[in-house]
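The values are calculated or read from the model by the stated rules, or taken from the named source; none is laboratory data. Treat the numbers as computed from the prediction; the structure is a model and nothing was measured. Note that we place each Cβ from the backbone using ideal geometry, even for glycine, and neighbour counts take in every protein chain shown.
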Amino acid sequence: MSEERIIVVDHLTKRFGGLKAVDDVSIHLNRGETLGLIGANGAGKTTLFNMISGVLKPTSGTITFDGVEIQKKKAHEICKMGIGRTYQIVQPFTTLTLLENVLAGALMRHPRVADAREVAEGIIDMLGISHLKNTKGASLTLIQLKRMEIARALATEPKVLLLDEVMAGLNPGERVELLETMQKIKETGISIIIIEHIMKVIMTLADRAYVLNQGCLIAEDTPQKVMEHPEVIKSYIGERHYAS
Amino acid sequence: MSKTLLKDKIAPKHILVLALLVLAFLFPQIVTQPYFIQIAITVLIYCYWSSAWNIIGGYAGQFALGNGVYIGIGAYVAVLFHQEGFGSPWIGMVLGGVISVMFAFIISKPCFKLRGTYFSLATVAFLHIVRYIILGFNSIFGMETNGGMGIMIPYTGRWQDMQFGKEGFYYVILVMLVLILVVSNVIRTSKMGYYLSAIKTNQGAASTIGINVPKYKMMAQCISAFCLALGGAVYVHFLLNVSPYDVFGYDLSLEIMIYCVIGGSGTLWGPVFGALVLGIINETLRVQLGSDIAPLASAFYGVALILIVRFAPGGLYQLGQMLINKIKGSLGKKKSETKEVSVQ
């Protein structure tokens, strides 16, 4: 039951000129599962996200979502099918308030503004940011923006949520707060893929993890086992430390 | 209880709008000199055009610099439709709107793939192409257009021919302005309005929350083109003359854009505010100082535009709002201060 695959990425490759940012990667996400995606900077994690969410088109390979191939679809179509995402570098609508940012996301499934507002208010309430609802996107702090982006993605009512380094740039206190929020989201039963450098997040949330290195998949296992994988230690901590 | 509810619904803002509307409707009754009504009509049509441009330039944030082309298309189609004996210019006006939308669709389809400046330049290029076609030929598809001379519209004074004297034109254009403000307000407060704001600030993020970016930009452009065209058709019947220099002029496109930006693009009242203030200054200068001053007016716009873009990107309208809030804030402070004093 839990083994039903909601996303299947099959032999996916993305070239930027001579550079293979993602090189023949095959991964899958089970329904209701939280998947960790780790790897050093430049490993191709965000490129993979960009292809799954339709921002970039792959050079070759296929992405199947709920049984439908989506690698040629546009970003807004993929969102409509049920994949929501956040950005590593936050992308707010700066002239809109926090509530309006989230409301804009809710409008896809609730075309009436009043309905969308209700949905948006419920979500920002869950994420604990309702006191900021009338603050313009341009005036929000980084952690507030990160929460807003998660709320905006959730407002599109996705089946799969792609979270791209939501912890980056936050201080330890804020990380603890956001980790609690993410746990809450996980408990709703939604399928999640997380890109993260903070291992604690992966260890706490992920059921399974993939490791990418220079565009290639080098490991797949439970988070604990993945951490012990020699290739992971090599690419993450460095060869010298591994040797000693 | 019911009183407070009513109070909540009727804000001072609404009273102000109502007062403005009443004033606008009474204007020709109070000020009867034709000269002032003439200026008022010109200012009103600029208010209307700026509001129409605001839909693509303001709400959607796409700087369609050459969008005056749709004013010209609307004007020429309405006049030629009547001249060639197909029927009333009223039908011609609607046809002009439809043809403008078709052109807007064909032109914008490839142009929306371009971003920012390139999109603006592409719309300007289209304006020039149409202008030179009209300038270069004396007849188009067998219909007399007289090139640069333009077409004189024979005076009949019949409303069927879209002619109804100065006062009549004043009211027709005023009603059109009210209608476009209603349309703008519906767009602004609906799904489309939120989507356009999202597209304006971040196209990438907009597409990943399910917004079909090209579709919504196209809708804004087509609505804008349609409204511009209707205004063009009516205005040339007021002038009783249509010439490519007037309706396909680069100046006209620029003026509409400048009024909108200086007034406050992306707001409901900004374009009206900008066109009112600048239109009145412009018309007064022209009449008082003669046509020699026209280049000076452009220089004035240039300076004003730079100042606005640098110091008040929200335009005069937002500047006014900020001032009001400041005054309110300081008044509130004083009130609370006096309260404290009285408590002591």
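When each of A:Ile202, A:Ile193, A:Ile150 is tested for being touching a Pro at 6+ places or on another chain (Cβ under 8 Å), buried (at least 20 other Cβ atoms within 10 Å of the Cβ) and closer than 24 Å to A:His28 by Cβ, the lone residue that passes is A:Ile202.
Within the range B:1-32, being at pLDDT below 85, β-branched (Val, Ile, Thr) and surrounded by fewer than 10 Cβ atoms within 10 Å (Cβ to Cβ) holds for one residue alone: B:Thr4.
Residues in the range B:141-192 that are in contact with a His (Cβ under 7 Å, 6 or more places away or on another chain) and crowded, with 19+ Cβ neighbours inside 10 Å: B:Ile153, B:Met162.
So that you can scan it fast, the table gives a plain yes or no per residue for (1) more than 12 Å from A:Leu217 (Cα to Cα); (2) in contact with a helix residue (DSSP H, G or I) (Cβ under 9 Å, 6 or more places away or on another chain); (3) at pLDDT 95 or above:
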site	(1), (2), (3)
A:Ala21	no, yes, no
A:Gly32	yes, no, no
A:Leu37	no, yes, no
A:Asn41	yes, no, no
A:Gly44	no, no, no
A:Thr47	yes, no, no
A:Leu56	yes, yes, no
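Checking each residue in the range B:75-104 for being farther than 17 Å from B:Leu230 by Cβ and in a helix (DSSP H, G or I) picks out only B:Gln83.
Being more than 7 Å from every other protein chain (Cβ to nearest Cβ) and either in a loop (DSSP other than H, G, I, E, B) or crowded, with 24+ Cβ neighbours inside 10 Å (or both) is the filter here, so list the residues in the range A:93-115 that pass it. If the condition is that a residue be more than 7 Å from every other protein chain (Cβ to nearest Cβ) and either in a loop (DSSP other than H, G, I, E, B) or crowded, with 24+ Cβ neighbours inside 10 Å (or both), then A:Leu98, A:Asn101, A:Val102, A:Ala106, A:Arg109, A:His110, A:Arg112 are the ones that fit.
In the range B:176-202, the residue that is nearest to B:Leu268 (Cα to Cα) out of those that are facing another protein chain (nearest Cβ under 10 Å) and of a type in the set (S, T, N, Q) is B:Thr189.
Of everything in the range B:208-230 that is more than 20 Å from B:Phe63 (Cα to Cα) and not aliphatic (A, V, I, L, M), the residue that is farthest from the other protein chains (Cβ to nearest Cβ) is B:Thr208. Tell me whether the range B:185-203 contains one or more residues that are in a loop (DSSP other than H, G, I, E, B), touching a helix residue (DSSP H, G or I) at 6+ places or on another chain (Cβ under 6 Å), under 30 Å from A:Arg117 (Cα atoms) and of a type outside the set (A, V, I, L, M, F, W, C). No, every residue in the range B:185-203 fails to be in a loop (DSSP other than H, G, I, E, B), touching a helix residue (DSSP H, G or I) at 6+ places or on another chain (Cβ under 6 Å), under 30 Å from A:Arg117 (Cα atoms) and of a type outside the set (A, V, I, L, M, F, W, C). Summed over the range B:193-242, residues that are β-branched (Val, Ile, Thr), surrounded by fewer than 21 Cβ atoms within 10 Å (Cβ to Cβ) and farther than 20 Å from A:Lys80 by Cα total 1.
Of the residues making up the range A:140-151, those that are over 13 Å from the mean Cα position of the chain (by Cα) and within 14 Å of another protein chain (Cβ to nearest Cβ) are A:Leu140, A:Leu145, A:Met148. Residues in the range A:69-80 that are over 16 Å from the mean Cα position of the chain (by Cα) and within 10 Å of another protein chain (Cβ to nearest Cβ) were compared, and the one that is nearest to A:Lys57 (Cα to Cα) is A:Lys74.
Residues checked against (1) buried (at least 18 other Cβ atoms within 10 Å of the Cβ); (2) under 30 Å from B:Asn202 (Cβ atoms); (3) touching a Phe, Trp or Tyr at 6+ places or on another chain (Cβ under 8 Å):
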residue: B:Val69; (1), (2), (3): yes, yes, yes
residue: B:His82; (1), (2), (3): yes, no, no
residue: B:Ile129; (1), (2), (3): no, no, no
residue: B:Tyr132; (1), (2), (3): no, no, no
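Under the condition of being surrounded by 18 or more Cβ atoms within 10 Å (Cβ to Cβ) and of a type in the set (Gly, Ala, Ser), the residues counted in the range A:153-190 number 2.
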